[in-house]
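Working notes for the structure below.
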Amino acid sequence: MASLRQSTLITLEMIKWEHSIFALPFALTGAMLAAGGLPTLPVLGWIIVCMVSARSAAMAFNRLVDARLDADNPRTAMRAIPAGALTTTFVAGFVLVCSGIFFFASAMLNRLTLELAPVALAVVLLYSYMKRVTRWSHLVLGLALGIAPSAAWIAVRGTFDPRIIVLTAIVVLWVGGFDVLYACQDFEHDRRVGLNSVPQAFGLEGAFWIARVMHLGMIALLVWLDRLFSLGLMGAVGTILVAALLAYEHSIISPRDLRRMNAAFFLLNGIISVVFFVCVAADILIRH
């Protein structure tokens, strides 16, 4: 039992489960937009269970699929599987358990959520193979997180509204942009082993410009989202703050200096998602 507990803790550390904060606020935003306020506590609880379990399954699956690649990359060679701290059998079992929890939580919401659950899980799992086939895997990662607000809308209403696709597109561009930047750290490795990425295809300078375009597109879509859902002052404040934080993120790293990449990737993006949610949630609650 002690070994099971230790392996589980190592797995949770490996998948950085606390980084669910990146996507969870956008899912909660989708839920609040759908409900026109706060969803019921049971619905909110099952949405959170769906989010955390799906992300946990996807991250563990990614580490499983990429174990050999991680072992060959000095930056990732000490991850749990290549370092021998976890067996592939245990991690595969963890993926299956998390997937089972995801399907159970989906069933507790509504029929459409359950029917679409296999599609959602396929998207988040299949991302792990994308670097092998396309340089635009960053956008697939964005989609894996971006389906969260649309899924949350369906979880609340049991139907789909095309307007929520704009929030999904916002997350796709946001995640795609910062993942392009993060991938710059593996520029030499990706070229050496033949993995696809935007930095590998366009170089570091080109990658930074592509990330900037993605994030500018995200800001434009945020303005559109405010109009689509008739958000007021707090919605506008959220858009301005997100734009300012993204500008700061781009200012502290450059193609010639990636030393502050972890601060830009983990800290600032976590703040961005929380700030956006707080502002939109406040706007919705004030108006209702």
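The values are calculated or read from the model by the stated rules, or taken from the named source; none is laboratory data. Every value quoted in this text rests on a predicted model; they were computed, and no experiment measured them. No Cβ is skipped: glycine too gets one built from the backbone with ideal geometry, and neighbour counts run over all protein chains shown.
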Quiz item: Here are some residues: ASN73, ASN62. Which one is at pLDDT 80 or above, surrounded by 13 or more Cβ atoms within 10 Å (Cβ to Cβ) and within 25 Å of GLY142 (Cβ to Cβ)?
Solution: ASN62
Quiz item: Looking at region 132-148, which of its residues are surrounded by 22 or more Cβ atoms within 10 Å (Cβ to Cβ) and either over 11 Å from the mean Cα position of the chain (by Cα) or among the polar types (S, T, N, Q) (or both)?
Solution: SER137
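Just to verify a result, which residue in region 89-125, among those that are small (Gly, Ala, Ser) and under 14 Å from ALA155 (Cβ atoms), is surrounded by the most Cβ atoms within 10 Å (Cβ to Cβ)?
Result: SER106.
Quick one: which of ALA122, ALA152 is closer than 16 Å to VAL95 by Cα and assigned to a helix (DSSP H, G or I)?
Exactly one of ALA122, ALA152 is closer than 16 Å to VAL95 by Cα and assigned to a helix (DSSP H, G or I), namely ALA122.
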Quiz item: Within the bounds of region 167-188, is there any residue that is in contact with a Pro (Cβ under 9 Å, 6 or more places away or on another chain) and among the hydroxyl-bearing types (Ser, Thr, Tyr)?
Solution: yes
Quiz item: Within the bounds of region 218-239, is there any residue that is basic (Lys, Arg), under 27 Å from VAL123 (Cα atoms) and over 21 Å from the mean Cα position of the chain (by Cα)?
Solution: no
Quiz item: What number goes with the only condition from (1) of a type outside the set (Asp, Glu); (2) farther than 19 Å from GLY45 by Cα; (3) touching a residue at least 40 places away in the same chain (Cβ under 8 Å); (4) assigned to a helix (DSSP H, G or I) that ARG135 does not pass?
Solution: (4)
Quiz item: When region 238-288 is examined, which residues are found to be of a type in the set (Gly, Ala, Ser), in contact (Cβ under 8 Å) with a residue 12 or more places away in the chain, more than 22 Å from ASP226 (Cβ to Cβ) and in a helix (DSSP H, G or I)?
Solution: ALA264, GLY270
Self-check item: Leading residue by the ranking (modelled with the highest pLDDT) among those in region 234-288 that are closer than 18 Å to VAL180 by Cβ and of a type in the set (Phe, Trp, Tyr)
Solution: TYR248
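For every residue, the table says whether it meets (1) surrounded by 18 or more Cβ atoms within 10 Å (Cβ to Cβ); (2) charged (D, E, K, R); (3) assigned to a helix (DSSP H, G or I).
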{"position": "VAL180", "(1), (2), (3)": "yes, no, yes"}
{"position": "CYS184", "(1), (2), (3)": "yes, no, yes"}
{"position": "GLU188", "(1), (2), (3)": "no, yes, yes"}
{"position": "ARG192", "(1), (2), (3)": "no, yes, yes"}
{"position": "PRO199", "(1), (2), (3)": "yes, no, yes"}
{"position": "GLY203", "(1), (2), (3)": "no, no, yes"}
{"position": "LEU216", "(1), (2), (3)": "no, no, yes"}
{"position": "LEU222", "(1), (2), (3)": "yes, no, yes"}
